[in-house]
1. For the range 1-32, enumerate the residues that are modelled with pLDDT under 90 and of a type in the set (Gly, Ala, Ser).
2. In the range 122-173, what residues are of a type in the set (S, T, N, Q) and not in a helix (DSSP H, G or I)?
3. Please determine whether any residue of the range 188-207 is of a type in the set (D, E, K, R), in the same structural domain as Lys114 (by TED's automatic domain parsing) and out of contact with any helix residue (DSSP H, G or I) (no Cβ under 8 Å at 6 or more places or on another chain).
4. Just to verify a result, which residue in the range 1-50, among those that are assigned to a loop (DSSP other than H, G, I, E, B) and basic (Lys, Arg), is surrounded by the most Cβ atoms within 10 Å (Cβ to Cβ)?
5. Could you list, in sequence order, the residues of the range 150-187 that are of a type in the set (Phe, Trp, Tyr) and modelled with pLDDT of 95 or more?
6. Report, ordered by the first and then the second residue, all pairs with beta carbons closer than 8 Å, sequence separation of six or more or different chains, a first member in the range 111-133 that is surrounded by 14 or more Cβ atoms within 10 Å (Cβ to Cβ), and a second member that is of a type outside the set (A, V, I, L, M, F, W, C) and not in a helix (DSSP H, G or I).
7. I need the full set of residues from the range 99-117 which are part of a loop (DSSP other than H, G, I, E, B) and among the charged types (D, E, K, R), in order please.
8. Mind listing whichever residues of the range 68-113 are hydrophobic (A, V, I, L, M, F, W, C) and farther than 19 Å from Leu141 by Cβ?
Amino acid sequence: MNYLTTTLAQLACDIPGATRVFHKYKLDFCCGGKKSLADAIEGRNFTAEQIIADLDSVTQLQSDTQDWRQSSPTDLIDHILNRYHNVHRIQLPELVRLAKRVEHVHGERTDCPKGLAAHLEMMLDELESHMQKEEQILFPLLKSGNYEFARGPIMVMQQEHDGHGNHLETIFRLTDDITPPPFACVTWRALYTGLTQLKEDLMAHIHLENNVLFPAALIAA
């Protein structure tokens, strides 16, 4: 496989562990998954040889990561509901609580992520609305095999995914790429640990829908 000419989405699907490499290099494999690796790394502060070496290394590792392209739409949807929808509904309210605490206690500091709590509350509202649309409209269509009727909802969900990606960019900007400052308190560090997990989960969630579930449904339509 020529890594450089392959899209990030394809690499994420084909190579167990590739997403871990993409997180390391801050490459967007979900909303930006249509870019080739060469285009995605252009102008970045690392070489093609470095990331290729990392991708080669993960291909050598044994992994039990499931290839969801081989699963039925029903099984993949059930996985998305259990692993991501349910988890996001737990993650975000707690992150809002932590962010409010950090802003209340450390608001006078120049490195405090001011505005983060309000941003996370907005994300929670938008993501909840998005997930309900999937649960009440799109996923039942896909589970019943009504792929033609799913075309419109899929396009709407893809557009909303782009918005979720933009919201992650705002989190990175507010938190110095989710890097806690020196001597950050336990709450501050717990907040940033949770934000890192949210980022990884949300990107994996969008990747499974944009690059696995939706393309299969559109081909079948």
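The values are calculated or read from the model by the stated rules, or taken from the named source; none is laboratory data. What you are looking at is a predicted structure, and each value in this text was computed from that prediction instead of being measured. Here Cβ is always computed from backbone atoms with ideal geometry, including for glycine, and neighbour counts include all displayed protein chains.
1. Hits for the range 1-32 are Ala12, Gly17, Ala18, Gly32.
2. Ser144, Asn146, listed by residue number.
3. Step one: filter the range 188-207 for residues of a type in the set (D, E, K, R), giving 189, 199-201.
With the extra rule that they be in the same structural domain as Lys114 (by TED's automatic domain parsing), the set shrinks to 189, 199-201.
This time we only want the ones that are out of contact with any helix residue (DSSP H, G or I) (no Cβ under 8 Å at 6 or more places or on another chain), so: 189.
The answer is yes, given that some residue of the range 188-207 is of a type in the set (D, E, K, R), in the same structural domain as Lys114 (by TED's automatic domain parsing) and out of contact with any helix residue (DSSP H, G or I) (no Cβ under 8 Å at 6 or more places or on another chain).
4. Of all residues in the range 1-50, those assigned to a loop (DSSP other than H, G, I, E, B) come to 1-2, 6, 15-17, 25-35, 42-47.
Adding the requirement that they be basic (Lys, Arg) leaves 26, 34-35, 44.
Working: Lys26: 10, Lys34: 14, Lys35: 16, Arg44: 13.
Only one residue fits best here, namely Lys35.
5. Phe172
6. From residues that are surrounded by 14 or more Cβ atoms within 10 Å (Cβ to Cβ), the pairs are Asp111/Asp176; Asp111/Pro181; Pro113/Thr175; Lys114/Gly107; Leu116/Thr175.
7. If we filter the range 99-117 for residues that are part of a loop (DSSP other than H, G, I, E, B), which is where we start, we get 107-115.
If the condition is that a residue be part of a loop (DSSP other than H, G, I, E, B) and among the charged types (D, E, K, R), then Glu108, Arg109, Asp111, Lys114 are the ones that fit.
8. The answer is Val87, Ile90, Leu92, Leu95, Val96, Leu98, Ala99, Val102, Val105, Cys112.
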